[in-house]
Structures are given as structure tokens and as C-alpha cells.
1. Please work out if residue 171 is away from the ligand (no atom under 13 Å from the Cβ) and either touching a residue at least 40 places away in the same chain (Cβ under 8 Å) or not in a helix (DSSP H, G or I) (or both).
2. Could you check how many residues of the stretch 61-115 are over 22 Å from residue 26 (Cβ atoms), outside any helix (DSSP H, G or I), touching a helix residue (DSSP H, G or I) at 6+ places or on another chain (Cβ under 6 Å) and within 8 Å of the ligand (Cβ to nearest atom)?
3. Those residues that are surrounded by 20 or more Cβ atoms within 10 Å (Cβ to Cβ) and touching a residue at least 60 places away in the same chain (Cβ under 8 Å), I need them from the stretch 70-82; list them, please.
4. Any idea which of (1) at pLDDT 95 or above; (2) more than 16 Å from the ligand (Cβ to nearest atom); (3) part of a loop (DSSP other than H, G, I, E, B); (4) out of contact with any strand residue (DSSP E or B) (no Cβ under 8 Å at 6 or more places or on another chain) is the one residue 121 doesn't satisfy?
5. Which residue pairs have Cβ atoms closer than 6 Å, lie 6 or more positions apart in sequence or on different chains, and pair a first residue in the stretch 23-43 that is more than 30 Å from residue 196 (Cβ to Cβ) with a second residue that is outside any helix (DSSP H, G or I) and within 13 Å of the ligand (Cβ to nearest atom)?
6. Kindly check whether there is at least one residue in the stretch 15-38 that is at pLDDT below 95 and more than 8 Å from the ligand (Cβ to nearest atom).
7. Quick one: which residue in 204, 198 is closer than 17 Å to residue 20 by Cβ, more than 14 Å from the ligand (Cβ to nearest atom), out of contact with any strand residue (DSSP E or B) (no Cβ under 8 Å at 6 or more places or on another chain) and assigned to a helix (DSSP H, G or I)?
8. Residues being within 17 Å of residue 166 (Cβ to Cβ) and either touching a strand residue (DSSP E or B) at 6+ places or on another chain (Cβ under 6 Å) or more than 8 Å from the ligand (Cβ to nearest atom) (or both): count how many of those fall in the stretch 1-12.
Ligand code: DC
């Protein structure tokens, strides 16, 4: 079984992907990490994020086994990833790896922006996760802030809105729900409730009652 999860920044799709994969005994790929790794390679090398050749070379050179998830999850690298991910050559270089991951038995949960539309258009189940931007900013601030150094929620909200606009407006593989995706709005759901709702969607599809 292949489950495709797409959605905007900080929508909770990563947590949902991980939990769904554990629930069904599937492998999980957070595809945002791959774009983040390309961005970090450019930043570390002091290259422009708009250098198409260097970005494509960095994408072709990636070794996901060596990803340092903590370093890749920084806010700055997320912003940079949104820029490099708009380069068609970068997306092309990462296509085969993602499709190979999805196709290997026993199946997988992939989360990102274009899983249901480009990477796995034949996925068994597609879920498009959304949440109000203000709620996403609140969650992200709670995640990265500490009592001593609270995060700047307004700045995070501005970044989220900018990232949404960039990810939705790019000509290649823009962020948008596949026509057969099931929408899951987590604005008013706890993580556990969102996981239950996602499992319900998967079960409905498996029982032949869903659309996906
Ligand atoms: O999900 P994330 O915040 O880790 O993703 C970081 C950036 O990577 C996001 O702004 C857009 C890009 N991305 C993408 O273009 N396609 C994907 N499948 C996953 C992420």
C-alpha cells in the first residue's frame, strides 16, 4: 500500500505520516527533508540558492542515509528549501529516488507537496492535510520556542504565508490537492484525533467506500 500525504508548511503532515506508517507497518519518507538537504548543501558551500546547476548537482549527490534531521529541520533551511524546490532540475533529480522508495515492498507513506500529483499519482490513498495558517504558526512557535526564549509567532506566521504562496505559485509541481485526494483539516484536531481521522480515511478507501 502507498499512502500519499500532501499539505502546506507546518500542517502536521510529517507527524501524521510517521504515525500512519507505524500503524500500517509501512516505511515512511519525509520528502521535505530531501529538499532541505539540497538547500543545506548549497548554503554550506556558500552557493546561491538560485544556482540551477549547483542545485541539480547537489540533488544528484544526496545520500539520505546521512541526513542530519535536526540540522535540516531549522527554520532557515526550510525557507531555503522552498526556493531550491522550485528549480525543475532539482525536482527531476529527486524523482527516481522518491518513486523507488514508494514502490519497494511492503509499501510506504510519503509526505510532501507533490506526492499525490507527481511522485505517486497511483497511490492507494491520498490525503491532503490543511490547517489554518494561524494555527500552524501557533504549533510551530510552541515547537521551537522555550519559556526563556519564546518564538516570534507573528514572524512565523508571515514566513508560513510566504512559503505557502511560493509553494503554490511555482510552475513545476505546485502544492495543490490531487483531484482524488481526501481533505483533512486539522485546525481543531489534536495529533491523536488527526491520526484517527487519517486511519478512518485509509480504512474507508480499503473498504471500497472512499474515493481514493
Ligand atoms: O515539508 P517541509 O517544510 O519540510 O518542506 C520544505 C520545503 O521543501 C517546502 O517549502 C517546499 C519543498 N518541498 C517540495 O517542494 N516538495 C516536496 N515533496 C516536499 C517539500
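1. Against the criterion (away from the ligand (no atom under 13 Å from the Cβ) and either touching a residue at least 40 places away in the same chain (Cβ under 8 Å) or not in a helix (DSSP H, G or I) (or both)), residue 171 does not qualify.
2. Looking only at that region, the number is 1.
3. 78, 82
4. Among (1) at pLDDT 95 or above; (2) more than 16 Å from the ligand (Cβ to nearest atom); (3) part of a loop (DSSP other than H, G, I, E, B); (4) out of contact with any strand residue (DSSP E or B) (no Cβ under 8 Å at 6 or more places or on another chain), the lone unmet condition for residue 121 is (2).
5. 37/67; 42/49
6. The answer is yes, given that some residue of the stretch 15-38 is at pLDDT below 95 and more than 8 Å from the ligand (Cβ to nearest atom).
7. 204
8. The total comes to 4.
The values are calculated or read from the model by the stated rules, or taken from the named source; none is laboratory data. Nothing here was measured: the structure is a model prediction, and the numbers come from that model. Glycine also receives a Cβ, built like all others from the backbone with ideal geometry; neighbour counts cover every protein chain displayed.
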